[in-house]
Every structure is written in structure tokens, then in C-alpha cells.
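Visitor: Just dropping this structure here.
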Amino acid sequence: MPVYWLIAFVILTGIEVFTLALTTVWFAGGAVAGFVLSLLGLPVEIQLAGFLVVSFLLLFLTRPFAARFVNNSTVKTNVESLVGQSARVIEKIDNHLGTGTAVVGGQEWTARAWAEDETFEPETMVVIREIRGVKLIVSREPE
């Protein structure tokens, strides 16, 4: 049984090396725990439980820390770069009527209000909170 845990470790580590996405490294750590439990001669159920517990502990306790230092130089491009920017409303934004257009960077976008009951008149400056599909989700710009 220990050889299966080693195979899982190699496969999971290989996936991580090729993707560098911090997705499988946590489970590779769990595979090491399963390997150690297997060497101790514990039943398969305990090995699997050890694998799951260690994998999820690593995931939840170390991922936020690791994500801060890995891929931290990623430059936001395209749509991601719009979040936080200001936009000018050119057609009244009203979620209930399903209307609204705003201009940002010289391009017109369909826009909706962050708060369902909020409306924005033309020429109002708003801040982009997020992008949902092809719509800007906006809120009032801080004074």
C-alpha cells in the first residue's frame, strides 16, 4: 500500500510543477501523511482520513500565506484592470428597469448598480466594484 501513496505524491507534485497554480501541492502533502500512516501499518480507512485531514489543514492554514507570495507579480489585464476605476454614466442606471450605460477608458459598457435600489443619473461619476459577464457593477464614487 505505501507505493500507492508514493505514486499519488509523484502525480500530484508533477501536476503542481507544471501548473504552478497552488492547487495540488496541498494534496501531495496529504499523500505523504497517507504514506507515513501506511508504513506504520494502519488500516486504509485511517490512511485516507489522515490524507484528507492533512490535505485540508494544509490548504486552509497555508494557502492564504503562500498565495500572497506566489504569483504576486501578476499584472491585471483587460477587464480585471477596470475594477476600482471611475466611470461616467451616460444612460440612467436603474436595475429595476434593466437600463444603464457607463463609459470607462473611452468604451461604453452596460452598467448596473451594486445596491439593487440605487440609481445613477447621466453624468454621474461612479466607481467600478466588479465585472459580471459584460456588465460593470458600480457604486457611488466616494466624495
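The values are calculated or read from the model by the stated rules, or taken from the named source; none is laboratory data. As the structure is a computational prediction, the values presented were derived from the model and not from experiment. Note: ideal-geometry Cβ built from the backbone for every residue, glycine included; neighbour counts use all protein chains shown. These area figures cover heavy atoms from the full protein model, side chains too; ligands, DNA and RNA do not enter into them. Shrake-Rupley method; radii C 1.70, N 1.55, O 1.52, S 1.80 Å.
Visitor: Please list, ordered by chain and number, the residues whose modelled amide H lies under 5 Å from the amide H of residue 99; skip anything fewer than 5 residues away on the same chain.
Guide: Placed amide hydrogens put 94 under 5 Å from residue 99.
Visitor: Here is a follow-up. Report, to one decimal in Å, the Kirkwood hydrodynamic radius for the chain based on all distinct Cα pairs.
Guide: Hydrodynamic radius (Kirkwood, Cα pairs) of the chain is 18.7 Å.
Visitor: A further question on this structure: How many percent of the accessible area of the range 1-113 is carbon or sulfur, using a 1.4 Å probe?
Guide: Here carbon and sulfur together make up 70 percent of the probe-accessible area.
Visitor: Defining a contact as two alpha carbons under 8 Å apart and six or more residues distant in sequence, what relative contact order in percent does the chain show? Don't jump to the answer; show the numbers that get you there.
Guide: On the way: 225 pairs, mean separation 22.0, N = 143.
That works out to 15 percent.
Visitor: Let me ask something else. Per-residue HN-Hα couplings for the range 25-42, Karplus 6.51 cos²θ - 1.76 cosθ + 1.60 at θ = phi - 60°, whole Hz, x for Gly and Pro?
Guide: Each residue's phi maps through the Karplus curve to give 4, 5, 6, 5, x, x, 5, 5, 4, x, 4, 5, 5, 5, 5, 7, x, 6 Hz.
Visitor: May I pose another question? Work through the residues other than residue 93 whose Cβ is under 9 Å from its Cβ and net out their charges, Lys, Arg +1 and Asp, Glu -1.
Guide: -2
Visitor: Just the number please: accessible area per residue for the chain, 1.4 Å probe, all protein chains included, in Å².
Guide: For the chain, the per-residue accessible area is 64 Å².
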